[in-house]
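The values are calculated or read from the model by the stated rules, or taken from the named source; none is laboratory data. Remember, it's a predicted structure, so these values are computed and weren't measured experimentally. Every residue, glycine among them, receives a Cβ derived from its backbone with ideal geometry; neighbour counts consider all protein chains shown. Only protein heavy atoms, including side chains, enter the accessible area calculation; ligands, DNA and RNA are left aside. Shrake-Rupley method; radii C 1.70, N 1.55, O 1.52, S 1.80 Å.
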Amino acid sequence: MSTKRDKIRIMNDILEFISYNDGKAKPTHIMYKANLSNEMLNEYIKELLEKKLIKEQKDKNQKRTYSLTGKGKTFLADYNQMKGFLASYDLN
């Protein structure tokens, strides 16, 4: 049986991918790695930008890339700590 990912898990997946990809990633790569539709990706990117967990850069050709902010790195660390806590009580 497969389980649906919740919003926080999807946000974490996006942030982890950006983190593991030399700290920056293109939208299309994020979409494929996080297994999201373009519409869903845009919603999550918008929210992550609003919450200042990521920042957007554009190159000279106006191609977008996203990177983690300090707040985004802190979120990843805290989320991983929370996962460890839940796992220690067999609640994951």
Of S67, S88, S19, which has the most accessible area with a 1.4 Å probe, and how do the rest follow in descending order? S88, S19, S67
If I take every Cα pair under 8 Å that is 6 or more residues apart in the chain, average their sequence separation and divide by the length, what percent do I get for the relative contact order? 27 percent
Can you tell me how segment 1-80 classifies by the Cα gyration tensor, rounded, prolate or oblate, using a/c under 1.5 as the rounded cut? oblate
Along the charge dipole of the chain, Cβ charges K/R +1 and D/E -1, which of Q57, F75, I8 sits furthest on the positive end? Q57
Under a 1.4 Å probe, what is the accessible area of segment 4-58 per residue, stated in Å²? 66 Å²
Counting only protein heavy atoms and using a 1.4 Å probe, what share of the accessible area of the chain belongs to carbon plus sulfur, as a whole percent? 50 percent
Förster-model FRET efficiency, 22 Å R0, K52 and A77, C-beta, rounded to 0.05: 0.90
Does anyone have the angle between helix 70-88 and the longest principal axis of the chain? Alpha-carbon axes, 0 to 90°, nearest 10? 20 degrees
With respect to the cross-link table entries K33/K60; K58/K83; K52/K83; K4/K73, which display a Cα-Cα separation exceeding 30 Å? K58/K83
Select from L48, A25, S88 the residue farthest towards the positive end of the dipole of the chain; place +1 on Cβ of Lys and Arg, -1 on Cβ of Asp and Glu, and compute about the Cα centre. A25
Please go through the chain and write out the chymotrypsin sites (Phe, Trp or Tyr not before Pro) that DSSP classes as loop and that have at most 11 other C-beta atoms within 10 Å. Y89
Using Cα positions and a limit of under 19 Å, work out the aspartates and glutamates in reach of K7, with same-chain residues fewer than 8 apart set aside. E16, E39, E43, E47, E50, D78
